Amino acid sequence: MARVDAIVGWKTITFGCHIFEPGNSVKFRTGDWRSQRPVLDKEKCIKCGMCWIYCPDMAYNQTEDGYFEVNLEYCKGCGICANECPKDAITMVPEEG
Amino acid sequence: MAKRIGIEVSIALAEAVKLCNVDVIAAYPITPQTHIVEHLSELVADGSLDAEFVPVESEHSAMSCCCGSSAAGARTFTATSAQGLSLMSEILYIASPMRLPIVMVVANRAMSAPISIWNDHQDIMVQKDVGWIQTFAENGQEAVDLLIHAFRVAEDRKVSLPAIVNIDGFTLSHVIEPIEIPDQEDVDKFLPPFKPKYRLDPRKPITMGPVGIPEIYFESKIATNEALKASKKVILKAWKEFEEIFGRKYEPIDAYRTEDAEVLLVTMGSISETAMTAVDVMRDKGQKVGLLKIRLWRPFPIQEFRKAVGKTPILAVVDRHLSLGGVCSPVASELKTLYYKVPSAPKIFDFITGLGGRDVTVEHFEEIVDKAKSFAKRRPKDYYHYIGGREK
Ligand code: SF4
Ligand code: SF4
């Protein structure tokens with residue numbers, strides 16, 4: 001199961017299960033569902049950003065040198081980025097253990 | 001002074017909705033609809049009710065629209081029946097945990113097939129677990145009163161849950177009865193403006209209806225259930241205040257001639273009036289028979305029911321729903337659970353009757369009481385019994 005920061009009981013759960021704080025989905029780290037992870041080959045990457053655009057969990061961030069780096073706290077291992085990369089620069093490798 | 005007039009119950013209900021000054025009515029306007037929303041659409045069209053009337057393309061959309069408008073802070077009403085209620089079902093489950101105080105009248109009718117537009121409780125009994133407050137009206141006056149009460153309770157900040165007022169289809173919805181339409185002034189005194197705790201507001205965005213991952217779903221359901229159970233207090237208090245303002249008294253369970261009774265009939269809805277006549281007839285013949293009418297169905301008034309039963313040895317439960325393939329039908333099933341292994345519990349027998357608009361007569365109630373008495377002496381082999389259904 002996924003890790004969440006706020007585990008609450010039925011007496012403390014918010015009214016109607018409403019969320020009062022916008023953007024709090026960052027607290028919901030989906031990374032531990034993953035069975036495989038994307039690994040980037042910088043030699044092939046052209047910094048086009050397709051991986052960043054297609055990732056459904058917005059797990060990619062651009063670094064100062066222009067490459068896109070995956071945040072494994074949120075990557076669920078779906079492989080969409082690897083599939084969409086026009087240069088086959090991303091390989092999905094199984095998570096061990 | 002409120003005037004008593006002869007009026008169709010559906011029209012009276014629409015007038016009561018107007019008195020409650022609703023903001024939004026969303027409804028599927030054709031079969032299986034009643035005159036309730038038809039009349040409301042007229043009231044909106046002729047300008048006598050300042051509300052938004054949304055004629056949607058299905059009951060599923062009607063309830064979805066109601067959820068949206070209630071979430072935005074609008075006093076919201078709809079009505080439906082039978083198959084229409086089934087089509088809403090998916091969204092009924094959404095309104096309650098989201099704490100949206102929508103009020104709905106359900107004109108209880110049979111479920112097709114075969115195609116039926118007549119009365120029984122099959123439509124609502126499959127929706128008993130949706131988390132809505134539910135009451136059953138016995139006559140037109142009660143329907144109007146329960147409707148006004150429903151808005152008051154549902155919108156109370158301590159409750160904030162949707163509510164259904166059940167009225168028997170045709171037997172109530174399409175008949176003309178003498179009804180006292182309350183004065184606007186009194187309704188305003190009883191029903192304050194709707195001020196929800198939270199509402200959708202672009203200036204202060206919140207999320208309603210988020211995903212409930214396994215870590216939170218269970219707690220969310222418990223919270224809804226506990227809120228529903230706790231609503232009984234507010235329901236009772238509101239009925240007390242209703243009595244003070246309008247002079248009519250309502251309780252979760254109505255007891256009729258129950259003193260020293262050997263058998264108590266248990267009914268819901270309009271057949272309770274026939275049952276009262278039947279009790280009078282049987283009492284005249286010297287039989288010790290009484291009647292319990294369940295007005296509040298959800299949350300179920302456990303203590304009040306137990307108190308009303310007292311030491312009565314036999315309960316004859318009249319179910320107007322058939323649990324196909326089940327052990328017995330919902331009302332009897334819950335009452336049997338309520339008394340399971342309770343010392344000196346009454347013997348409870350389940351009678352299925354009045355399906356699809358079949359009349360339930362005084363003679364049927366006499367037959368029920370006779371059977372219940374003989375079953376108490378000799379345990380029947382079946383868990384429920386059909387009354388008035390021909391075999392050949
Ligand atoms: S594997 Fe899926 S979730 Fe992970 S970075 Fe690629 S697209 Fe995003
Ligand atoms: S899609 Fe492929 S080539 Fe484009 S930035 Fe991402 S890894 Fe590099």
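The values are calculated or read from the model by the stated rules, or taken from the named source; none is laboratory data. These numbers come from a predicted model, not from an experiment. Cβ coordinates were reconstructed from backbone atoms using ideal geometry, including for glycine residues, and neighbour counts include every protein chain displayed. The protein model used for the area step is the full one, side chains on, heavy atoms only, and it has no ligands, DNA or RNA in it. Shrake-Rupley method; radii C 1.70, N 1.55, O 1.52, S 1.80 Å.
Assorted remarks:
- Sorted largest first, extent of the range B:3-246 alpha carbons per principal axis (Å): 54, 46, 33
- Based on protein heavy atoms only, the range A:3-94 ends up with 64 Å² per residue of surface accessible to a 1.4 Å probe.
- Beta-bridge orientation, the protein assembly as shown: approximately 35 percent antiparallel, per DSSP, counting only bridges with both partners inside.
- If you wrap the tightest convex hull around every Cα atom of the protein assembly as shown and split its volume per residue, you get 210 Å³.
- Peptide A:25-31 shows a mean partner chain C-beta count of 1 within 10 Å per residue C-beta.
- Note, ³J(HN,Hα) from phi for the range A:53-61, Karplus 6.51, -1.76, 1.60, rounded to Hz, x at Gly and Pro: 5, 7, 4, x, 10, 6, 7, 8, 10
- Computed with a 1.4 Å probe over protein heavy atoms only, the accessible surface of the range B:3-246 comes to 40 Å² per residue.
- Translational diffusion coefficient (Stokes-Einstein; Kirkwood radius from C-alpha pairs) of the range B:253-386 at 10 °C, 1.306 mPa s, in µm²/s: 108 µm²/s
- Placed amide H near B:Trp297: partners under 5 Å, 5+ positions off or other chain: B:Gln134, B:Thr135, B:Phe136
- Take the accessible area of chain A alone and of chain B alone, subtract that of the pair, and you get about 1700 Å² summed over both chains, using a 1.4 Å probe.
- Panel note: contact residues of the range B:212-242 (accessible area lowered by at least 50 Å² against the chain on its own; 1.4 Å probe) correspond to B:Ile213, B:Glu215, B:Ile216, B:Glu219.
- Looking at chain B, the DSSP beta bridges with both ends there are about 25 percent antiparallel.
- Alpha carbon centroid spacing (whole Å) that separates the range B:186-200 from the range B:73-87: 20 Å
- Radius 15 Å from Cβ of B:Cys66, net charge of other residues (Lys, Arg +1; Asp, Glu -1): -3
- Both radii were evaluated on the Cα set of the range B:162-288; the Rg over Rh quotient, with Rh as the Kirkwood radius, amounts to 1.09.
- For the range B:55-68, Karplus couplings with θ = phi - 60° (6.51, -1.76, 1.60), whole Hz, Gly/Pro x: x, 8, 8, 6, 5, 4, 5, 4, 5, 5, 4, 4, 4, x
- Straight-line cross-link partners of B:Lys373 among the aspartates and glutamates, defined as a Cα under 12 Å from its Cα and at least 8 positions apart when in the same chain: B:Glu262.
- Label-to-label distance, nm, for residues given as B:Ser89 and B:Ala113 (7 Å Cα→Cβ offset): 1.7 nm
- Dimensionless Rg over Rh [the range A:3-94; C-alpha; Kirkwood]: 1.10
- Each peptide among A:50-59, B:158-167, B:82-91, A:16-25 gets the average number of other Cβ atoms lying within 10 Å of its residues, and from highest to lowest they stand as B:158-167, B:82-91, A:50-59, A:16-25.
- Portion, in percent, of the accessible area of the range B:73-113 that falls on carbon or sulfur, probe 1.4 Å: 60 percent
- HN-Hα J in Hz across the range B:34-40 - Karplus 6.51, -1.76, 1.60, θ = phi - 60°, x for Gly and Pro: 10, 5, 4, 7, 4, 5, 4
- A cut-off of 5 Å between modelled amide H atoms, ignoring neighbours fewer than 5 places along the same chain, links B:Lys288 with B:Glu262.
- Here the range A:68-97 and the range A:1-66 have alpha carbon centers that stand 13 Å from each other.
- Principal-axis tilt of helix B:82-95 within chain B, Cα atoms, nearest 10 degrees: 60 degrees
- Expected 222 nm ellipticity per residue - DSSP helices of 4 or more, -39500 (n - 2.57), all of chain B, to 500: -12500 deg cm²/dmol
- Unpartnered cysteines - no second Cys beta carbon under 4.7 Å - across chain A: A:Cys17, A:Cys45, A:Cys48, A:Cys55, A:Cys75, A:Cys78, A:Cys85
- At R0 = 45 Å, FRET efficiency that the Cβ-Cβ distance of B:Ala2 and B:Leu338 yields, to 0.05: 0.75
- Overall form of the range B:1-137: oblate. Here a/c, set by the Cα gyration tensor axes a ≥ b ≥ c, is 1.5 or more, and a/b is not larger than b/c.
- Remark on B:Lys347: its backbone amide H falls under 5 Å from those of B:Ile314, B:Leu315, a criterion applied only to residues 5 or more positions apart or on other chains, H modelled at 1.01 Å from N.
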